[in-house]
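Here is the structure we will look at, set down as C-alpha coordinates.
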Amino acid sequence: MSMERILLIGTFPNLTHLKVFNFGRHIALNYFTDQSIFQHIFKHQITELILENSDQDSGIILSEEYTANVYAPILTFFENLTHLSIVESSFISQYPPLSICYLPSNTFFSSILKKLCITVESINDCFHLLDGRLKQLTTFIVEIRYINNNSRIVHNTNDLPNLKCFSLTCYDETDAYDNQVIPILRRMTYLEKLTLYIRIRNRSTFVDGTNLHEDILIHMPRLRKFSFHIATEIRFDDSVHHLSDNDIQQTFTDIGYHQIACSVNYCRKYRAICHVFSLPFIFNRLEKITNKFPNIIFNHVIYLRVADAIPFEYEFFIRITKAFPSLKYFSIINVTPPLWNFNSYTADNIDSRSYIEYLNLTSLSVNYVDDYYIEQFLLDTKTYAPRLTEIKVHFHRLQTVTENFTRDATRYNCRNIKRLIFEKTMNYPKQLYLYFPSLED
(Lines give C-alpha, C1' and ligand atoms only; values in the text may rest on other atoms or scores of the structure.)
Protein backbone atom coordinates (compact mmCIF):
# COMPACT_ATOMS: atom_id res chain seq x y z
CA MET A 1 0.00 0.00 0.00
CA SER A 2 1.36 3.43 -0.95
CA MET A 3 2.07 6.25 1.49
CA GLU A 4 -0.71 8.31 -0.09
CA ARG A 5 -3.35 5.61 0.36
CA ILE A 6 -2.37 5.09 4.00
CA LEU A 7 -2.41 8.79 4.90
CA LEU A 8 -5.76 9.35 3.19
CA ILE A 9 -7.41 6.91 5.60
CA GLY A 10 -7.46 9.39 8.51
CA THR A 11 -6.13 12.64 9.95
CA PHE A 12 -3.34 11.24 12.20
CA PRO A 13 -3.13 14.16 14.66
CA ASN A 14 -0.48 12.38 16.77
CA LEU A 15 1.83 11.37 13.92
CA THR A 16 5.33 12.72 14.60
CA HIS A 17 7.63 10.02 13.16
CA LEU A 18 7.64 9.16 9.46
CA LYS A 19 9.67 6.60 7.49
CA VAL A 20 9.39 6.67 3.69
CA PHE A 21 10.48 3.66 1.63
CA ASN A 22 11.45 4.12 -2.04
CA PHE A 23 11.99 7.81 -1.48
CA GLY A 24 13.13 9.80 -4.48
CA ARG A 25 12.90 13.11 -6.25
CA HIS A 26 9.26 12.42 -7.20
CA ILE A 27 8.28 12.09 -3.52
CA ALA A 28 9.99 15.33 -2.55
CA LEU A 29 8.50 17.34 -5.41
CA ASN A 30 4.96 15.96 -5.00
CA TYR A 31 4.55 15.65 -1.24
CA PHE A 32 7.13 17.82 0.52
CA THR A 33 5.70 21.14 -0.67
CA ASP A 34 3.08 23.62 0.52
CA GLN A 35 0.80 22.35 -2.26
CA SER A 36 0.83 18.80 -0.91
CA ILE A 37 -2.44 17.27 0.26
CA PHE A 38 -0.51 16.16 3.38
CA GLN A 39 0.95 19.56 4.08
CA HIS A 40 -0.93 19.84 7.39
CA ILE A 41 0.71 16.62 8.66
CA PHE A 42 4.20 16.97 7.29
CA LYS A 43 4.85 20.65 7.80
CA HIS A 44 3.87 20.99 11.46
CA GLN A 45 3.74 17.50 13.03
CA ILE A 46 6.73 15.51 11.84
CA THR A 47 9.76 15.72 14.12
CA GLU A 48 11.63 12.58 12.98
CA LEU A 49 11.99 11.67 9.31
CA ILE A 50 13.72 8.62 7.82
CA LEU A 51 14.07 8.41 4.04
CA GLU A 52 15.22 5.27 2.23
CA ASN A 53 16.46 6.89 -0.95
CA SER A 54 16.09 4.70 -4.03
CA ASP A 55 17.32 7.32 -6.53
CA GLN A 56 20.60 6.17 -8.04
CA ASP A 57 23.79 8.19 -8.15
CA SER A 58 24.31 7.67 -11.85
CA GLY A 59 26.48 10.74 -12.39
CA ILE A 60 23.92 12.14 -14.82
CA ILE A 61 22.37 14.35 -12.16
CA LEU A 62 24.75 16.82 -10.54
CA SER A 63 24.90 16.46 -6.78
CA GLU A 64 24.53 20.22 -6.30
CA GLU A 65 21.33 20.29 -8.36
CA TYR A 66 19.90 17.30 -6.49
CA THR A 67 20.81 18.89 -3.17
CA ALA A 68 19.19 22.21 -4.05
CA ASN A 69 15.95 20.64 -5.32
CA VAL A 70 15.51 17.59 -3.08
CA TYR A 71 17.52 17.77 0.15
CA ALA A 72 17.57 21.47 0.99
CA PRO A 73 13.79 22.03 0.80
CA ILE A 74 13.23 19.27 3.39
CA LEU A 75 14.63 21.37 6.23
CA THR A 76 12.60 24.35 5.08
CA PHE A 77 9.32 22.49 4.66
CA PHE A 78 9.35 20.37 7.84
CA GLU A 79 9.23 23.20 10.35
CA ASN A 80 9.60 21.06 13.49
CA LEU A 81 12.08 18.49 12.22
CA THR A 82 14.71 17.53 14.80
CA HIS A 83 15.87 14.16 13.42
CA LEU A 84 16.65 13.51 9.74
CA SER A 85 18.11 10.27 8.35
CA ILE A 86 18.64 9.64 4.65
CA VAL A 87 19.85 6.08 4.06
CA GLU A 88 20.43 3.69 1.16
CA SER A 89 17.48 1.62 0.01
CA SER A 90 19.81 -1.39 -0.29
CA PHE A 91 23.43 -2.22 0.48
CA ILE A 92 24.53 -2.22 -3.15
CA SER A 93 22.83 1.04 -4.13
CA GLN A 94 24.20 4.56 -3.83
CA TYR A 95 21.92 7.56 -3.74
CA PRO A 96 22.98 11.05 -4.91
CA PRO A 97 25.14 12.49 -2.11
CA LEU A 98 24.51 15.85 -0.50
CA SER A 99 26.83 18.50 -1.97
CA ILE A 100 26.68 22.05 -0.62
CA CYS A 101 30.19 23.42 -1.16
CA TYR A 102 29.21 25.73 -4.00
CA LEU A 103 25.66 26.50 -2.91
CA PRO A 104 24.60 29.58 -0.86
CA SER A 105 25.60 29.47 2.81
CA ASN A 106 21.97 29.30 3.95
CA THR A 107 21.39 26.05 2.01
CA PHE A 108 20.43 23.10 4.24
CA PHE A 109 20.02 25.34 7.27
CA SER A 110 18.15 24.52 10.49
CA SER A 111 18.10 26.07 13.94
CA ILE A 112 16.44 23.01 15.57
CA LEU A 113 17.87 19.89 13.87
CA LYS A 114 19.56 17.69 16.48
CA LYS A 115 20.32 14.48 14.58
CA LEU A 116 21.51 14.10 10.98
CA CYS A 117 22.40 10.87 9.16
CA ILE A 118 23.41 11.41 5.53
CA THR A 119 25.90 10.70 2.74
CA VAL A 120 27.92 13.63 1.42
CA GLU A 121 30.09 13.93 -1.65
CA SER A 122 33.34 15.10 -0.04
CA ILE A 123 34.80 16.05 3.29
CA ASN A 124 34.37 19.68 2.26
CA ASP A 125 30.62 19.15 2.54
CA CYS A 126 31.17 17.80 6.03
CA PHE A 127 33.09 20.95 6.96
CA HIS A 128 30.27 23.09 5.55
CA LEU A 129 27.61 21.23 7.53
CA LEU A 130 29.60 22.07 10.66
CA ASP A 131 30.08 25.75 9.82
CA GLY A 132 27.24 26.91 12.08
CA ARG A 133 24.21 26.28 9.88
CA LEU A 134 23.18 23.36 12.16
CA LYS A 135 23.94 24.87 15.56
CA GLN A 136 21.83 22.44 17.62
CA LEU A 137 23.26 19.29 16.08
CA THR A 138 24.13 16.72 18.75
CA THR A 139 24.38 13.55 16.61
CA PHE A 140 26.03 13.53 13.19
CA ILE A 141 26.35 10.26 11.23
CA VAL A 142 28.01 10.79 7.86
CA GLU A 143 29.33 8.67 5.02
CA ILE A 144 31.79 10.57 2.86
CA ARG A 145 32.28 9.41 -0.72
CA TYR A 146 35.85 10.74 -0.95
CA ILE A 147 38.39 12.63 1.16
CA ASN A 148 41.18 14.41 -0.65
CA ASN A 149 43.76 17.16 -0.18
CA ASN A 150 42.48 19.43 -2.95
CA SER A 151 40.46 21.75 -0.74
CA ARG A 152 41.23 25.47 -1.03
CA ILE A 153 38.37 26.44 1.25
CA VAL A 154 39.15 28.01 4.62
CA HIS A 155 37.02 26.11 7.12
CA ASN A 156 35.68 27.05 10.53
CA THR A 157 38.00 25.81 13.30
CA ASN A 158 35.77 26.62 16.29
CA ASP A 159 34.84 23.92 18.78
CA LEU A 160 31.49 22.15 18.45
CA PRO A 161 30.12 22.22 22.01
CA ASN A 162 26.74 20.66 21.20
CA LEU A 163 28.05 17.68 19.23
CA LYS A 164 28.03 14.57 21.42
CA CYS A 165 27.97 11.72 18.90
CA PHE A 166 29.88 11.57 15.60
CA SER A 167 30.29 8.76 13.09
CA LEU A 168 32.48 9.07 9.98
CA THR A 169 32.64 6.38 7.30
CA CYS A 170 34.64 6.55 4.09
CA TYR A 171 35.07 3.42 1.97
CA ASP A 172 37.31 5.11 -0.57
CA GLU A 173 41.02 5.14 0.26
CA THR A 174 42.39 8.54 1.25
CA ASP A 175 45.78 10.18 1.61
CA ALA A 176 44.27 13.17 3.45
CA TYR A 177 43.75 11.67 6.90
CA ASP A 178 46.30 13.90 8.61
CA ASN A 179 45.35 17.09 6.78
CA GLN A 180 41.57 16.77 6.64
CA VAL A 181 40.21 14.18 9.07
CA ILE A 182 42.27 14.99 12.15
CA PRO A 183 41.46 18.75 12.06
CA ILE A 184 37.72 18.13 11.94
CA LEU A 185 37.90 15.64 14.83
CA ARG A 186 39.91 18.03 17.00
CA ARG A 187 36.98 20.45 16.98
CA MET A 188 34.82 17.88 18.79
CA THR A 189 36.10 18.42 22.32
CA TYR A 190 32.73 17.61 23.92
CA LEU A 191 32.25 14.33 22.05
CA GLU A 192 31.02 11.32 24.04
CA LYS A 193 30.74 8.72 21.29
CA LEU A 194 32.96 8.39 18.20
CA THR A 195 32.73 5.89 15.34
CA LEU A 196 35.41 5.89 12.66
CA TYR A 197 35.75 3.72 9.54
CA ILE A 198 38.55 4.86 7.27
CA ARG A 199 41.12 3.45 4.85
CA ILE A 200 44.37 5.41 4.61
CA ARG A 201 47.03 5.13 1.92
CA ASN A 202 50.52 6.49 1.18
CA ARG A 203 51.35 7.22 4.81
CA SER A 204 54.87 6.80 6.18
CA THR A 205 53.74 5.03 9.38
CA PHE A 206 50.78 2.98 10.53
CA VAL A 207 48.00 4.62 12.53
CA ASP A 208 48.28 2.92 15.91
CA GLY A 209 47.16 3.56 19.48
CA THR A 210 49.86 6.15 20.09
CA ASN A 211 48.87 8.15 16.99
CA LEU A 212 45.18 8.04 17.86
CA HIS A 213 45.82 9.17 21.42
CA GLU A 214 48.08 12.08 20.51
CA ASP A 215 46.21 13.23 17.40
CA ILE A 216 42.58 12.72 18.46
CA LEU A 217 41.69 11.11 21.78
CA ILE A 218 43.62 13.50 24.01
CA HIS A 219 41.43 16.29 22.59
CA MET A 220 38.21 14.48 23.61
CA PRO A 221 38.27 14.29 27.44
CA ARG A 222 34.56 13.34 27.63
CA LEU A 223 34.75 10.44 25.16
CA ARG A 224 33.11 7.30 26.58
CA LYS A 225 32.90 5.01 23.54
CA PHE A 226 35.18 4.70 20.52
CA SER A 227 34.35 2.16 17.78
CA PHE A 228 36.69 2.02 14.82
CA HIS A 229 38.20 0.25 11.87
CA ILE A 230 41.31 1.92 10.51
CA ALA A 231 43.34 0.41 7.68
CA THR A 232 46.67 2.04 6.86
CA GLU A 233 48.72 1.19 3.78
CA ILE A 234 52.31 2.42 3.88
CA ARG A 235 55.35 2.46 1.68
CA PHE A 236 58.67 1.44 3.18
CA ASP A 237 62.24 0.58 2.29
CA ASP A 238 64.76 -1.93 3.61
CA SER A 239 65.74 0.36 6.49
CA VAL A 240 62.26 0.24 8.05
CA HIS A 241 61.77 -2.10 11.00
CA HIS A 242 58.92 -4.55 10.42
CA LEU A 243 56.28 -4.20 13.10
CA SER A 244 54.34 -7.20 14.37
CA ASP A 245 50.73 -7.55 15.47
CA ASN A 246 51.96 -7.49 19.06
CA ASP A 247 53.82 -4.22 18.49
CA ILE A 248 50.63 -2.53 17.28
CA GLN A 249 48.50 -4.17 19.96
CA GLN A 250 50.81 -2.87 22.68
CA THR A 251 50.29 0.75 21.57
CA PHE A 252 46.59 0.34 22.34
CA THR A 253 47.23 -1.41 25.62
CA ASP A 254 49.42 1.53 26.63
CA ILE A 255 46.47 3.94 26.27
CA GLY A 256 43.98 1.67 28.03
CA TYR A 257 42.28 0.09 24.98
CA HIS A 258 42.24 -3.68 25.42
CA GLN A 259 39.24 -4.78 23.30
CA ILE A 260 40.94 -4.39 19.94
CA ALA A 261 42.35 -6.64 17.22
CA CYS A 262 44.94 -5.93 14.58
CA SER A 263 46.65 -7.47 11.59
CA VAL A 264 49.92 -6.33 9.99
CA ASN A 265 50.84 -7.74 6.62
CA TYR A 266 53.91 -6.89 4.54
CA CYS A 267 52.08 -8.17 1.51
CA ARG A 268 54.05 -6.65 -1.36
CA LYS A 269 57.58 -5.41 -1.84
CA TYR A 270 57.86 -2.02 -0.14
CA ARG A 271 54.15 -1.96 0.73
CA ALA A 272 52.41 -3.05 3.90
CA ILE A 273 48.91 -2.78 5.34
CA CYS A 274 47.75 -2.66 8.94
CA HIS A 275 44.16 -3.16 10.07
CA VAL A 276 43.18 -2.10 13.59
CA PHE A 277 39.65 -2.34 14.90
CA SER A 278 37.68 -2.28 18.09
CA LEU A 279 35.85 -5.35 19.32
CA PRO A 280 33.21 -6.43 18.75
CA PHE A 281 33.49 -5.46 15.07
CA ILE A 282 30.32 -3.45 14.34
CA PHE A 283 30.75 -2.63 10.64
CA ASN A 284 29.20 -4.45 7.68
CA ARG A 285 32.07 -4.01 5.24
CA LEU A 286 35.73 -5.06 5.22
CA GLU A 287 38.27 -4.60 2.43
CA LYS A 288 41.82 -5.60 1.53
CA ILE A 289 41.94 -8.57 3.87
CA THR A 290 44.91 -10.84 3.13
CA ASN A 291 45.79 -14.40 4.04
CA LYS A 292 46.52 -13.11 7.51
CA PHE A 293 43.55 -11.87 9.51
CA PRO A 294 42.55 -12.16 13.19
CA ASN A 295 40.90 -15.30 14.47
CA ILE A 296 37.59 -13.68 15.44
CA ILE A 297 34.00 -13.77 14.17
CA PHE A 298 32.84 -10.83 12.05
CA ASN A 299 29.11 -11.31 12.55
CA HIS A 300 27.99 -8.07 10.88
CA VAL A 301 30.14 -8.14 7.74
CA ILE A 302 28.16 -8.75 4.56
CA TYR A 303 30.69 -7.32 2.08
CA LEU A 304 34.25 -8.64 1.99
CA ARG A 305 37.12 -7.99 -0.40
CA VAL A 306 40.24 -10.13 -0.09
CA ALA A 307 43.47 -9.46 -1.96
CA ASP A 308 46.95 -10.91 -1.80
CA ALA A 309 49.96 -11.82 -3.91
CA ILE A 310 50.33 -15.04 -1.92
CA PRO A 311 47.94 -17.82 -3.04
CA PHE A 312 44.71 -18.38 -1.15
CA GLU A 313 44.86 -21.98 -0.05
CA TYR A 314 41.90 -24.21 0.79
CA GLU A 315 42.23 -23.48 4.51
CA PHE A 316 41.87 -19.77 3.84
CA PHE A 317 38.38 -20.20 2.41
CA ILE A 318 37.41 -22.47 5.29
CA ARG A 319 38.44 -19.67 7.66
CA ILE A 320 36.42 -17.15 5.62
CA THR A 321 33.19 -19.13 5.93
CA LYS A 322 33.67 -19.47 9.69
CA ALA A 323 34.78 -15.88 10.33
CA PHE A 324 32.13 -14.23 8.12
CA PRO A 325 28.86 -16.15 8.62
CA SER A 326 26.70 -13.35 7.18
CA LEU A 327 28.75 -12.83 4.01
CA LYS A 328 26.66 -11.84 0.97
CA TYR A 329 29.09 -9.99 -1.32
CA PHE A 330 32.52 -11.55 -1.83
CA SER A 331 35.26 -10.02 -3.99
CA ILE A 332 38.52 -11.88 -4.60
CA ILE A 333 41.74 -10.48 -6.05
CA ASN A 334 44.54 -12.99 -6.48
CA VAL A 335 46.29 -13.98 -9.72
CA THR A 336 48.48 -16.66 -8.11
CA PRO A 337 47.07 -20.19 -7.88
CA PRO A 338 47.91 -22.52 -4.96
CA LEU A 339 50.75 -24.97 -5.33
CA TRP A 340 48.26 -27.84 -5.25
CA ASN A 341 45.01 -28.29 -7.15
CA PHE A 342 41.84 -30.25 -6.59
CA ASN A 343 42.70 -32.84 -9.19
CA SER A 344 45.81 -33.87 -7.23
CA TYR A 345 43.85 -35.11 -4.20
CA THR A 346 44.08 -38.71 -3.11
CA ALA A 347 41.01 -40.67 -2.07
CA ASP A 348 42.00 -40.20 1.57
CA ASN A 349 41.69 -36.42 1.60
CA ILE A 350 38.86 -35.77 -0.83
CA ASP A 351 36.17 -35.92 1.84
CA SER A 352 38.02 -33.65 4.28
CA ARG A 353 38.64 -30.98 1.66
CA SER A 354 35.74 -31.35 -0.68
CA TYR A 355 32.98 -29.00 0.39
CA ILE A 356 32.84 -25.34 1.42
CA GLU A 357 29.45 -23.78 2.22
CA TYR A 358 28.58 -20.12 1.61
CA LEU A 359 25.01 -20.17 2.84
CA ASN A 360 24.26 -16.43 2.44
CA LEU A 361 26.47 -15.53 -0.52
CA THR A 362 24.55 -13.74 -3.30
CA SER A 363 27.26 -11.95 -5.29
CA LEU A 364 30.77 -13.05 -6.27
CA SER A 365 33.43 -10.92 -7.96
CA VAL A 366 36.32 -12.83 -9.56
CA ASN A 367 37.48 -10.41 -12.23
CA TYR A 368 41.10 -10.33 -11.09
CA VAL A 369 41.94 -13.91 -10.21
CA ASP A 370 43.60 -16.99 -11.59
CA ASP A 371 41.20 -19.43 -13.25
CA TYR A 372 41.66 -21.77 -10.29
CA TYR A 373 39.54 -19.56 -8.02
CA ILE A 374 36.70 -19.35 -10.54
CA GLU A 375 36.74 -23.11 -10.84
CA GLN A 376 36.70 -23.55 -7.08
CA PHE A 377 33.41 -21.66 -6.79
CA LEU A 378 31.75 -23.29 -9.79
CA LEU A 379 32.59 -26.92 -9.07
CA ASP A 380 29.60 -28.40 -7.27
CA THR A 381 31.89 -30.87 -5.49
CA LYS A 382 33.87 -28.01 -3.92
CA THR A 383 31.40 -25.17 -3.25
CA TYR A 384 27.81 -25.00 -2.06
CA ALA A 385 26.33 -21.51 -2.48
CA PRO A 386 22.53 -21.93 -2.77
CA ARG A 387 21.77 -18.18 -2.88
CA LEU A 388 24.45 -17.14 -5.36
CA THR A 389 22.73 -15.20 -8.17
CA GLU A 390 25.40 -12.79 -9.46
CA ILE A 391 28.97 -13.26 -10.73
CA LYS A 392 31.39 -10.60 -11.96
CA VAL A 393 33.95 -12.30 -14.17
CA HIS A 394 35.85 -11.97 -17.44
CA PHE A 395 33.93 -13.72 -20.19
CA HIS A 396 36.84 -15.66 -21.65
CA ARG A 397 37.91 -16.94 -18.23
CA LEU A 398 34.39 -18.19 -17.58
CA GLN A 399 34.38 -19.75 -21.03
CA THR A 400 37.64 -21.57 -20.24
CA VAL A 401 36.60 -22.87 -16.82
CA THR A 402 33.26 -24.19 -18.12
CA GLU A 403 34.91 -25.68 -21.22
CA ASN A 404 32.94 -23.44 -23.54
CA PHE A 405 29.79 -23.88 -21.44
CA THR A 406 29.65 -27.65 -21.75
CA ARG A 407 31.32 -28.88 -18.55
CA ASP A 408 28.95 -30.92 -16.39
CA ALA A 409 30.99 -30.53 -13.20
CA THR A 410 30.34 -26.77 -13.09
CA ARG A 411 26.82 -26.77 -14.53
CA TYR A 412 24.93 -27.27 -11.26
CA ASN A 413 26.34 -24.17 -9.52
CA CYS A 414 25.42 -22.07 -12.56
CA ARG A 415 21.76 -23.00 -12.60
CA ASN A 416 20.55 -20.15 -10.33
CA ILE A 417 22.77 -17.35 -11.65
CA LYS A 418 20.52 -14.48 -12.72
CA ARG A 419 23.18 -11.92 -13.59
CA LEU A 420 26.60 -12.18 -15.20
CA ILE A 421 28.64 -8.98 -15.24
CA PHE A 422 31.39 -9.05 -17.88
CA GLU A 423 34.13 -6.54 -18.61
CA LYS A 424 32.42 -5.46 -21.82
CA THR A 425 29.28 -6.04 -23.85
CA MET A 426 29.43 -8.39 -26.81
CA ASN A 427 27.34 -10.92 -28.69
CA TYR A 428 27.40 -13.98 -26.46
CA PRO A 429 26.98 -17.52 -27.79
CA LYS A 430 23.73 -19.42 -27.41
CA GLN A 431 25.50 -22.00 -25.21
CA LEU A 432 25.94 -19.36 -22.51
CA TYR A 433 22.19 -18.94 -22.06
CA LEU A 434 21.60 -22.68 -22.08
CA TYR A 435 24.28 -23.14 -19.44
CA PHE A 436 22.87 -20.32 -17.28
CA PRO A 437 19.11 -20.95 -17.63
CA SER A 438 18.10 -18.39 -14.96
CA LEU A 439 19.79 -15.38 -16.59
CA GLU A 440 17.62 -12.28 -16.65
CA ASP A 441 17.50 -9.97 -19.64
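Having 1 or more residues that are under 19 Å from the mean Cα position of the chain (by Cα) and surrounded by 15 or more Cβ atoms within 10 Å (Cβ to Cβ) is the bar; report the strands (runs of 3 or more DSSP E) wholly within the stretch 232-330 that clear it. Can you show your working first?
On the way: elements: 260-268, 271-278, 285-289, 303-307.
Counting at least 1 such residues, we get 271-278, 285-289, 303-307.
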Please determine, by comparing only the residues of the stretch 415-429 that are at pLDDT 90 or above and under 26 Å from the mean Cα position of the chain (by Cα), which one is nearest to Leu379 (Cα to Cα). Ile417
Just give me the residues in the stretch 192-230 being in contact (Cβ under 8 Å) with a residue 60 or more places away in the chain and part of a loop (DSSP other than H, G, I, E, B), in sequence order. Phe206, Val207, Asp208
Could you grab the pairs with beta carbons closer than 7 Å, sequence gap of 6+ or different chains, first residue in the stretch 4-25 and modelled with pLDDT of 75 or more, second one loosely packed, with under 13 Cβ neighbours inside 10 Å and in a loop (DSSP other than H, G, I, E, B)? none
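Please tell me if Ile391 is part of a strand (DSSP E or B), touching a residue at least 12 places away in the same chain (Cβ under 8 Å), surrounded by 12 or more Cβ atoms within 10 Å (Cβ to Cβ) and under 25 Å from the mean Cα position of the chain (by Cα). So that I can check it myself, show each step before the final result.
Details: part of a strand (DSSP E or B): yes; touching a residue at least 12 places away in the same chain (Cβ under 8 Å): yes; surrounded by 12 or more Cβ atoms within 10 Å (Cβ to Cβ): yes; under 25 Å from the mean Cα position of the chain (by Cα): yes.
Criteria met by Ile391.
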Would you check if Ile86 is among the β-branched types (Val, Ile, Thr) and touching a strand residue (DSSP E or B) at 6+ places or on another chain (Cβ under 7 Å)? yes
Checklist (1) at pLDDT 95 or above; (2) closer than 23 Å to Phe298 by Cα applied to Tyr435, failing item: (2)
Condition test on Ser85, is it among the small types (Gly, Ala, Ser), surrounded by 18 or more Cβ atoms within 10 Å (Cβ to Cβ) and at pLDDT 95 or above? no
Looking only at the stretch 52-81, and only at residues there that are part of a loop (DSSP other than H, G, I, E, B) and β-branched (Val, Ile, Thr), the one that is farthest from Pro97 (Cα to Cα): Ile60
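The values are calculated or read from the model by the stated rules, or taken from the named source; none is laboratory data. Everything numeric here is computed off the predicted structure, so don't read it as measured data. Note: ideal-geometry Cβ built from the backbone for every residue, glycine included; neighbour counts use all protein chains shown.
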